[in-house]
Amino acid sequence: MQRIHPATFLFAARALRDMGDGFVAVLLPVYLLALGFAPLQVGVIATASLLGSALLTIGFGLLGARYDHRQLLLAAASLMVATGAAFAVVHDYALLLVIAFAGTINPSAGSVSVFVPLEHAALTREVTDAARTKMFARYSLVGALAGAVGALASATPDLLAPVGLDQLTGIKAMFVLYALLGLFGGLLYARIPRRRPTSDAGTASALGPSRNIVFKLAALFSLDAFAGGFVVQSLLALWLFEKFDLSLSEAGFFFFWSGVLSAFSFPVAAWLSRHIGLINTMVFTHIPSSLALMLAALAPTLPLALALLLIRAALSQMDVPTRSSYVMAVVTEVERAAAASFTSVPRSLAAAASPALAGALFAASFRAWPLLICGALKIAYDLLLLMQFRHLKPPEER
């Protein structure tokens, strides 16, 4: 085991975690609707989950400047186990709201997670500046492929029907599987080496010389996050269920291919960034994806809507590895965990209000509006990012 590169354990743990997030994001609205809750209540659960995730992420990121990343990752994996077990047995809405807030349930099936800042900081220690973006592309590729497999696995409750297991029981079994994935992920985190403390670890500030850069990026990312909150995967699934009467199996199949397209866009993003730069890659792939989403909102038929959403999937996540690499490049080593936290938190904190608003729009039968609002705000974010940061180059681009 000692001969295996530490990044391998982090990649494997990310794969297990994203597999769980992949099927939970699709099953969460189905589960809540099966328990008798309304679309607005589904949106509120998603909001509580994102808000709680934001607070946990910022807390773990601040602790990452002073404490061993491995211990913090093990604590997060333990929380994932408890969350899955609790969702499998609790039916009361108020309790589910508390569990969603305090746990690791991720309705977005993306990079919003308490694990993210710690994994980013741990991975960046293992590579050179020149290899950093490629490493984040591989890291994102592994997660996206695992998430796609997880989305496909969301059809499992329907497949169990012929053996006499009803859908609700099948979904509960999937939450138990989610807990088991957290357990196995914890075993992988236990294999990464302890971080050697630096001489100033005891007095290090979470953010120092890069504070202004991080806060400015966090403000911009908050706009992107707020926009994305209108179309987190659970709510996009709800939109497809309500507008086109999509079945659970069909939704799982669609989100599988959506995840595959996103996954293979990551190596393309790494290649493209070497030619046009990290910021340009983030912006000029994001804008077309937002236009595709807005067109999908107005599509009159299911095939056209799915085609546009798949185009969006092939482009919308290309900013994920490039964004992670950029943040790690423009801050000092001791600031990396906190910087990843402060720039990841808006992807859940600012997004926390959006799902509830989207749920209210769905409940009022304004089903297209969440997608249109998301696309318009994301385009505004891209233009602001380009104007503010096109001149701040990472080391490998200078």
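The values are calculated or read from the model by the stated rules, or taken from the named source; none is laboratory data. What you see is a predicted model; the values in this text were computed from it and never measured. Note that we place each Cβ from the backbone using ideal geometry, even for glycine, and neighbour counts take in every protein chain shown. Surface accessibility is based on the protein's heavy atoms, side chains included, excluding ligands, DNA and RNA. Shrake-Rupley method; radii C 1.70, N 1.55, O 1.52, S 1.80 Å.
Quick notes
- Contact map, region 159-187: first residue touching a residue at least 12 places away in the same chain (Cβ under 8 Å), second residue among the acidic types (Asp, Glu) and surrounded by fewer than 19 Cβ atoms within 10 Å (Cβ to Cβ), Cβ cut-off under 8 Å, separation 6 or more or different chains; pairs are GLN167/ASP158; GLY170/ASP158.
- Region 242-265 - residue that is aliphatic (A, V, I, L, M) and under 21 Å from the mean Cα position of the chain (by Cα) and, of those, modelled with the highest pLDDT: LEU261
- If you go through region 205-242 and pick out every residue that is part of a loop (DSSP other than H, G, I, E, B) and open to solvent by less than 50 Å² (accessible area, probe 1.4 Å), you end up with 5.
For (1) free of Cβ contacts under 8 Å to residues at least 40 places away in the same chain; (2) not hydroxyl-bearing (Ser, Thr, Tyr), each residue gets a yes or a no:
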site: ALA82; (1), (2): no, yes
site: ALA86; (1), (2): yes, yes
site: HIS91; (1), (2): no, yes
site: LEU96; (1), (2): no, yes
site: SER113; (1), (2): no, no
site: LEU123; (1), (2): no, yes
site: THR128; (1), (2): yes, no
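- Applying the condition of being touching a residue at least 60 places away in the same chain (Cβ under 8 Å) and crowded, with 18+ Cβ neighbours inside 10 Å to region 266-276 and asking which residue is nearest to the chain's Cα centre (by Cα) yields PHE266.
- Among residues of region 137-175 being open to solvent by 40 Å² or more (accessible area, probe 1.4 Å) and outside any helix (DSSP H, G or I), the one that is farthest from VAL30 (Cα to Cα) is GLY164.
Here is a yes/no grid of residues against (1) modelled with pLDDT under 85; (2) of a type in the set (Lys, Arg); (3) under 23 Å from LEU293 (Cα atoms):
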| site | (1), (2), (3) |
| --- | --- |
| ALA314 | no, no, yes |
| ARG323 | no, yes, yes |
| SER341 | yes, no, no |
| ARG347 | yes, yes, yes |
| ALA356 | yes, no, yes |
| LEU372 | no, no, yes |
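- Residue list for region 99-147, restricted to those being small (Gly, Ala, Ser) and under 13 Å from the mean Cα position of the chain (by Cα): SER108, ALA109, GLY110, SER111, SER113, SER140, GLY143, ALA144, ALA146, GLY147
- Checking ASP245 against (1) open to solvent by less than 50 Å² (accessible area, probe 1.4 Å); (2) at positive phi, the condition it does not meet: (1)
- Any chance PHE264 is hydrophobic (A, V, I, L, M, F, W, C), over 19 Å from GLY20 (Cβ atoms) and not assigned by the TED database to the domain that holds ILE58: yes
- Meets criteria (free of Cβ contacts under 8 Å to residues at least 24 places away in the same chain and under 23 Å from LEU246 (Cβ atoms)) for ALA296: no
- Selection status of PRO107, over 20 Å from LEU180 (Cα atoms), buried (at least 24 other Cβ atoms within 10 Å of the Cβ) and not aliphatic (A, V, I, L, M): no
- Residues located in region 57-98, provided they are among the polar types (S, T, N, Q), surrounded by fewer than 18 Cβ atoms within 10 Å (Cβ to Cβ) and either under 21 Å from the mean Cα position of the chain (by Cα) or modelled with pLDDT of 95 or more (or both): SER78
- Total residues in region 302-345, condition free of Cβ contacts under 8 Å to residues at least 24 places away in the same chain and of a type in the set (A, V, I, L, M, F, W, C): 4
- Selection status of ALA121, part of a helix (DSSP H, G or I), open to solvent by less than 40 Å² (accessible area, probe 1.4 Å) and modelled with pLDDT of 90 or more: no
- In region 1-56, the residues that are among the aromatic types (Phe, Trp, Tyr) and within 18 Å of the chain's Cα centre (by Cα): PHE11, PHE23
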